[in-house]
Every structure is written in structure tokens, then in C-alpha cells.
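The values are calculated or read from the model by the stated rules, or taken from the named source; none is laboratory data. Here the structure is a predicted model, which means the values were calculated and not measured. Note: ideal-geometry Cβ built from the backbone for every residue, glycine included; neighbour counts use all protein chains shown. These area figures cover heavy atoms from the full protein model, side chains too; ligands, DNA and RNA do not enter into them. Shrake-Rupley method; radii C 1.70, N 1.55, O 1.52, S 1.80 Å.
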Amino acid sequence: MRFDSELVVEKLLEWEQDLLRFRLPAWEEIPDFGLYMDQLIALLAGYLDYAPREGGAETAVTAAAINNYVRMRIMPEPRRKRYYREHIAYLIVICTLKQSLNIAYVQRILPTGIPEAEVEAIYRRFVERHSRATTYFIEQVRLAAEPVLNRKEEQNVSDVIASAALISRFCKHLAERLILLEGAAAQEDPGAPD
């Protein structure tokens, strides 16, 4: 593959700035006055848009997907066709996690039928983890792409792409493996001393 090195550097720096500016809304910033589906989708598009979409990328979430999440009991049902802060928080977490985990795994780690105070606590922890993961990701991209960014040597951009894909796969594999440990007890070695 051949890449325009200047374009790659420009885009990497642009994407880094987009990520530095992006943040998930705090719990208090999420509206709690009841939104209809079209309002909800527009709001989520703004909340989940890490960077301006290029190449006609799909929307963050659709009405059909939201209806499926409700039907599958991954999130609470709307109240009189309106979605409140609790629903929006669930959707932010679901839509973010489903980018790297299949929905069955998301369902296993996101509890439903819990009091709103617990939803708030889960959401606050998620926002904090998201912020830390974003910072870590930016640092890792800088390390992986350092030769390209600093124009020190001709590095094949394909190497950066392959590294990103491998890291993505390892992270997904780790998350899935940990989810599968749910409810599993450590195997005790019968010959091990107490």
C-alpha cells in the first residue's frame, strides 16, 4: 500500500485533537425531561460522535437498534414513549461498548432492573474509564506512529495499521475472556497446602 505521508500525519494529528476535545456528558448534563425517539437519536449522535464522520459512516444508533435493546431487556423500557436520563445513560454505554463487543456480551456486563442511583454510579465510573482509556489510547498511538509523526524515518503506514488491528483484537479478546469468567470460581488444587 502507498500512502501520502503528509496526509497521514495531518489526519493522525487531526484525529488526536478530536479525541482530546471529546468527552462523554456528565450525568447532570444528560437531559431528564423525556425525549421522543427522533430527539433521542439526534442527542445520541452528538454525544457519541468522536470525530466528524468521513466517507459516509453510519449513524451512532438507529430507532430499530434502540427498540431491540428494549425488547432484549438490555435497557429499561421508555416511559410513555419518552426516554429519560437513565435511558440515555444506558444507550451511551451500550453504543460505546457495542463497537468492540457483541451485544450479548454487553448485556452480560450491564445490569438492568436496578435503582437509578446504581445506574448513575455505573455511568459515572464508565465516563471516568472512558476518559482514562482515551488518554491511554492517544499515548499509544503516539508511540506506535512516532516515526511517521516525527518524520524521522520512512515507516510503512501499513505497519501502524497492522499494529492497531492487532491491539484491537487483543483488547477484544481480553474483554470477552473476562466476561466469560462471570460466576466462575477459582479451581482449587487439591494437593496445594492451605
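Are there any pairs, at least 6 apart or on different chains, whose C-beta atoms fall under 8 Å, with the first in the stretch 1-25 and small (Gly, Ala, Ser) and the second exposed (fewer than 14 other Cβ atoms within 10 Å of the Cβ) and not in a helix (DSSP H, G or I), and if so, which? Short answer, once both residue conditions are applied: 5/151; 5/154. Criterion applied to 81, 98 was being modelled with pLDDT of 95 or more, basic (Lys, Arg) and within 28 Å of residue 33 (Cα to Cα), and the one residue passing it is 81.
When you look at residue 61, is it part of a loop (DSSP other than H, G, I, E, B), open to solvent by less than 70 Å² (accessible area, probe 1.4 Å) and either modelled with pLDDT of 95 or more or closer than 21 Å to residue 33 by Cα (or both), yes or no? Spelling it out, residue 61 is indeed part of a loop (DSSP other than H, G, I, E, B), open to solvent by less than 70 Å² (accessible area, probe 1.4 Å) and either modelled with pLDDT of 95 or more or closer than 21 Å to residue 33 by Cα (or both).
Scanning the stretch 64-80 for residues that are buried (at least 17 other Cβ atoms within 10 Å of the Cβ) and in a loop (DSSP other than H, G, I, E, B) yields 74, 75, 76, 78. Entry remark, the stretch 81-99: residues being loosely packed, with under 14 Cβ neighbours inside 10 Å and either in contact with a Gly (Cβ under 6 Å, 6 or more places away or on another chain) or in contact (Cβ under 8 Å) with a residue 40 or more places away in the chain (or both) number 1 in total. Can you spot a residue in the stretch 156-176 that is modelled with pLDDT under 90, surrounded by 15 or more Cβ atoms within 10 Å (Cβ to Cβ) and closer than 24 Å to residue 47 by Cα? No: zero hits.
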